[in-house]
Amino acid sequence: MPKDLYDVAIIGCGPGGLQAAIHSASKKAKVIVFGKPRNSSLYKAHIANFCCSEKLISGKEMLEAGRKQAESFDAVFLEEDIIETKNENKLFSLFTESGETFTSRTLILSMGVARKKLRVKGEKRLVGRGVSYCVDCDANFYRGLDVAVVGNESAATTGAITLLSYAKTVYLICRKLMITDTLYEQLRNSQVKVIQGTWVKEIIGTNDVERVLLKNGETLKVNGIFVELGAKGALELAANLGAIFDAETVSFIETNRKQETNIPGLYAAGDITGQPWQIAKAVGEGCVAGIEAAEYAKKLADS
Amino acid sequence: MGQGVLDVDDNSFESEILKADKPALVDFWAPWCGPCKAIAPVMKELEEAYGDSIVFARCNVDNSPNTPTQYSIRAIPTLILFQDGKVVDQIVGAVPKSHLEGLVKKAL
Ligand SMILES: Cc1cc2nc3c(=O)[nH]c(=O)nc-3n(C[C@H](O)[C@H](O)[C@H](O)COP(=O)(O)OP(=O)(O)OC[C@H]3O[C@@H](n4cnc5c(N)ncnc54)[C@H](O)[C@@H]3O)c2cc1C
């Protein structure tokens, strides 16, 4: 057994993940929560429709209070993104952006939903002809070519480093990097050419991507551009564990009323399971997922 | 119908897809690709519904590098609809089922 084995690992510290942490930790499970509060949809919101609170509540304050509550039950928090997940021998392994590995008997996915498209000229027309949304899927098609990655966070940074093993030149276009110091050091010591303080204005090409025009007026000659906004989401972290998505949109993770996915020990809660995207739903699902995961982990530990 | 999605590779592509007596929808995928895994069940469902009139196939780009190069594939999953050996339409990414079903219905 790994020395730091958790009962419940939770990816996401929005209302879904926080409520799951509160319920699982209060059942005496050993709980760890990953994620960055400012990346929660709730962070900038003001809430008026959440039960039993008449006043307008600030989302940021709710997130801080929820964390304190979960910590009072001994849940541990780590403000890092998860960049890879694995499921082996009934245990889940999680790899953080700083290169650490954590192991847990159960995993609750509450990464919310995030924007994935850049919404710039040329992007839609050139999808699959140089525009890609998945470094892990498509890096291999760019052997020996020049590529750019755009994004400010862990997905773009780790993506750019991965691409170094395939492409000839790798640019990372970002407004401002929001990553851990360890990952920043790794980037700094790599061959990635970082272009900070600007963003993509337009993607240009007749049949395939030929150039990327930046907001600062610069033009990059590249064969491909990888759009990697934010952190890795459900398609990257859940699909490779074998989780089934809803057929209608192929965007949301399917769960039953216990918030179980098709994979034993894997749960999902909050915006990631589909609409309505509301706090009340996220905490409701988080509560169920937290209780169920804690019980499942206990059974597994006793067996 | 219900025979499952057919696995094709560089060797069998011509006989199974290009020379098929029916239209064929090919899913270019790889085992390390999350979005490919997400869309696999959708292909299966469509095969169960439309497998009588259309060939549903998948091609692992890891084992068969030539076919994807021939069709200039640079992102997976890419789904290509073939009719009489020619590309009729193409979709990139894990798209909704309705989207893919629309493509299939075009070929009916
Ligand atoms: C402007 C605005 C106003 C809103 N107003 C309301 C309202 O009035 N009432 C209401 O009920 N709802 C409202 N919502 C919706 C509400 O904020 C969401 O439904 C809710 O935050 C969903 O919670 P969640 O836990 O599922 O996801 P989120 O709160 O989005 O949290 C996701 C978490 O996952 C983490 N994460 C993501 N990827 C990774 C990764 N790879 N590794 C580690 N961590 C990761 C993020 O850091 C974040 O902490 C509003 C949303 C917005 C944007």
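Going through region A:117-154 one residue at a time, which ones are within 12 Å of chain B (Cβ to nearest Cβ), of a type outside the set (Asp, Glu) and either under 15 Å from A:TRP199 (Cα atoms) or not in a loop (DSSP other than H, G, I, E, B) (or both)?
A:LYS117, A:VAL127, A:VAL131, A:SER132, A:VAL135, A:CYS137, A:ALA139, A:ASN140, A:PHE141, A:TYR142, A:VAL147, listed by residue number.
Would you check if there is a residue in region A:40-54 being within 14 Å of the ligand (Cβ to nearest atom), at pLDDT 95 or above and assigned to a helix (DSSP H, G or I)?
no
Being of a type in the set (Asp, Glu) and at pLDDT 95 or above is the requirement here; does A:GLU248 meet it? So that I can check it myself, show each step before the final result.
Working: of a type in the set (Asp, Glu): yes; at pLDDT 95 or above: no.
Considered against the rule, which asks whether it is of a type in the set (Asp, Glu) and at pLDDT 95 or above, A:GLU248 comes out as no.
Is there a residue being assigned by TED's automatic domain parsing to the domain that holds A:ASN39, touching an Asp or Glu at 6+ places or on another chain (Cβ under 8 Å), in a loop (DSSP other than H, G, I, E, B) and near the ligand (Cβ under 8 Å from one of its atoms) anywhere in region A:274-286?
yes
If you check A:PHE95, A:PHE77, A:PHE73, which single one turns out to be aromatic (Phe, Trp, Tyr) and away from the ligand (no atom under 13 Å from the Cβ)?
Just one listed residue meets the conditions, A:PHE73.
Let me spell it out: the conditions are (1) within 29 Å of A:GLU185 (Cα to Cα); (2) surrounded by fewer than 17 Cβ atoms within 10 Å (Cβ to Cβ); (3) free of Cβ contacts under 8 Å to residues at least 24 places away in the same chain, and A:SER93 meets all of them except one. Which number is the exception?
Condition (2) is where A:SER93 drops out.
Conditions: (1) within 11 Å of the ligand (Cβ to nearest atom); (2) under 22 Å from A:ALA280 (Cβ atoms). A:GLU64 meets all but one. Number of the miss?
(1)
So if I check each of A:LEU187, A:LEU172, A:LEU183, A:LEU177, which one is under 25 Å from the mean Cα position of the chain (by Cα), assigned by TED's automatic domain parsing to the domain that holds A:ASP138, of a type in the set (A, V, I, L, M) and more than 17 Å from A:ASP81 (Cα to Cα)?
Step by step, each of A:LEU187, A:LEU172, A:LEU183, A:LEU177 is checked, and only A:LEU172 is under 25 Å from the mean Cα position of the chain (by Cα), assigned by TED's automatic domain parsing to the domain that holds A:ASP138, of a type in the set (A, V, I, L, M) and more than 17 Å from A:ASP81 (Cα to Cα).
May I ask you to verify whether A:LEU237 is within 16 Å of the ligand (Cβ to nearest atom), more than 13 Å from every other protein chain (Cβ to nearest Cβ) and of a type outside the set (Asp, Glu)?
Here the answer is no, as A:LEU237 does not meet what is asked.
Quick check on my filter: what residues within region A:211-253 are in contact (Cβ under 8 Å) with a residue 12 or more places away in the chain, acidic (Asp, Glu) and surrounded by fewer than 24 Cβ atoms within 10 Å (Cβ to Cβ)?
Within region A:211-253, A:GLU218, A:ASP246 meet the criteria.
May I ask you to list pairs of residues, at least six apart or on different chains, whose Cβ atoms are under 7 Å apart, with the first in region A:122-141 being at positive phi and the second being hydroxyl-bearing (Ser, Thr, Tyr)?
A:GLY128/B:THR78
Of all residues being under 19 Å from A:ILE10 (Cα atoms) and in contact with a strand residue (DSSP E or B) (Cβ under 8 Å, 6 or more places away or on another chain) in region A:246-257, which is farthest from the other protein chains (Cβ to nearest Cβ)? Just the residue, please. So that I can check it myself, show each step before the final result.
In the first step, residues of region A:246-257 are kept if they are under 19 Å from A:ILE10 (Cα atoms); the result is A:252-257.
Pick out the ones that are also in contact with a strand residue (DSSP E or B) (Cβ under 8 Å, 6 or more places away or on another chain) and you get A:252-255.
Working: A:PHE252: 10, A:ILE253: 9, A:GLU254: 10, A:THR255: 15 Å.
Among residues in region A:246-257 that are under 19 Å from A:ILE10 (Cα atoms) and in contact with a strand residue (DSSP E or B) (Cβ under 8 Å, 6 or more places away or on another chain), the one farthest from the other protein chains (Cβ to nearest Cβ) is A:THR255.
The values are calculated or read from the model by the stated rules, or taken from the named source; none is laboratory data. If you're wondering where the values come from, they're calculated on a predicted model, not measured in any experiment. Virtual Cβ from ideal backbone geometry, glycine too; neighbours counted across all protein chains shown.
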